[in-house]
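Take a look at the structure set out below.
The values are calculated or read from the model by the stated rules, or taken from the named source; none is laboratory data. Just so it is clear, the structure is predicted and the values come from calculations on it, not from any experiment. Here the Cβ positions follow ideal geometry from the backbone for every residue, glycine too, while neighbour counts run over all protein chains shown.
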Amino acid sequence: MSEPDEQMMQRIARRHGVDVVFADEHLIKLNGRDAYENASFSSGNVHTSDKRWPPRIEIGIYADAELRLLSFFHELGHCLDSTRPWHTSKLDQERAAWEIAYSLATSHGVESSAEARDWASAQLETYNTPEWSCHA
């Protein structure tokens, strides 16, 4: 991904009070490369986090820049989801994060291709299993 895209992610995240970091040698050494291949993570929520430790997004390693950017918006969706405590399952939590992601992306002039949306739908479906049916 080009530097301007990383700068855009940093700018958008900061605007929402969220830190964003990109998988680097340190994170890969800590968690393993496989953990970051086509995967990103978030922790915390702007509505519940202590201001001394803001929510954080870790952006993984993607061959496809569009999927990387869409994943950023999805993780940001988790950090901004004000309804999170009321989700009845992990699937509901993930669905809400994707809905927020699409809205945020559109508000920042980022449109997703049909292929990227299909990928996102496939990611969401991985939570449509009995093991994820309990409260998140």
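When you scan the range 31-60, how many residues do you find that are touching a helix residue (DSSP H, G or I) at 6+ places or on another chain (Cβ under 9 Å) and either at pLDDT 95 or above or not β-branched (Val, Ile, Thr) (or both)?
Residues of the range 31-60 touching a helix residue (DSSP H, G or I) at 6+ places or on another chain (Cβ under 9 Å): 35-36, 38-49, 54-60.
Going one step further and asking which of them are either at pLDDT 95 or above or not β-branched (Val, Ile, Thr) (or both), we end up with 35-36, 38-45, 47, 49, 54-60.
Final tally of qualifying residues: 19.
Just checking, which of Ser107, Ser113, Ser82 is surrounded by fewer than 18 Cβ atoms within 10 Å (Cβ to Cβ), closer than 19 Å to Asn38 by Cβ and out of contact with any strand residue (DSSP E or B) (no Cβ under 8 Å at 6 or more places or on another chain)?
Values: Ser107 fails: closer than 19 Å to Asn38 by Cβ; Ser82 fails: closer than 19 Å to Asn38 by Cβ.
Going through Ser107, Ser113, Ser82 in turn, just one is surrounded by fewer than 18 Cβ atoms within 10 Å (Cβ to Cβ), closer than 19 Å to Asn38 by Cβ and out of contact with any strand residue (DSSP E or B) (no Cβ under 8 Å at 6 or more places or on another chain): Ser113.
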Select from the range 44-84 the residues that are in contact with a His (Cβ under 9 Å, 6 or more places away or on another chain), in a helix (DSSP H, G or I) and farther than 20 Å from Thr126 by Cα and list them in ascending order. Cys79, Leu80
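Could you pull out the residue among Arg15, Arg52 that is surrounded by fewer than 17 Cβ atoms within 10 Å (Cβ to Cβ), of a type in the set (Lys, Arg), without any contact (Cβ under 8 Å) to a residue 60 or more places away in the chain and closer than 21 Å to Ala105 by Cβ? Lay out the reasoning, then the answer.
Numbers: Arg52 fails: closer than 21 Å to Ala105 by Cβ.
It is Arg15.
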Restricting to the range 59-72, count the residues that are surrounded by fewer than 24 Cβ atoms within 10 Å (Cβ to Cβ), under 17 Å from Gln10 (Cβ atoms) and among the hydrophobic types (A, V, I, L, M, F, W, C). 2
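Those residues that are crowded, with 16+ Cβ neighbours inside 10 Å and in a helix (DSSP H, G or I), I need them from the range 85-94; list them, please. Show your work before the answer.
Filtering the range 85-94 for residues crowded, with 16+ Cβ neighbours inside 10 Å gives 87, 90-94.
Passing the criteria: Lys90, Leu91, Asp92, Gln93, Glu94.
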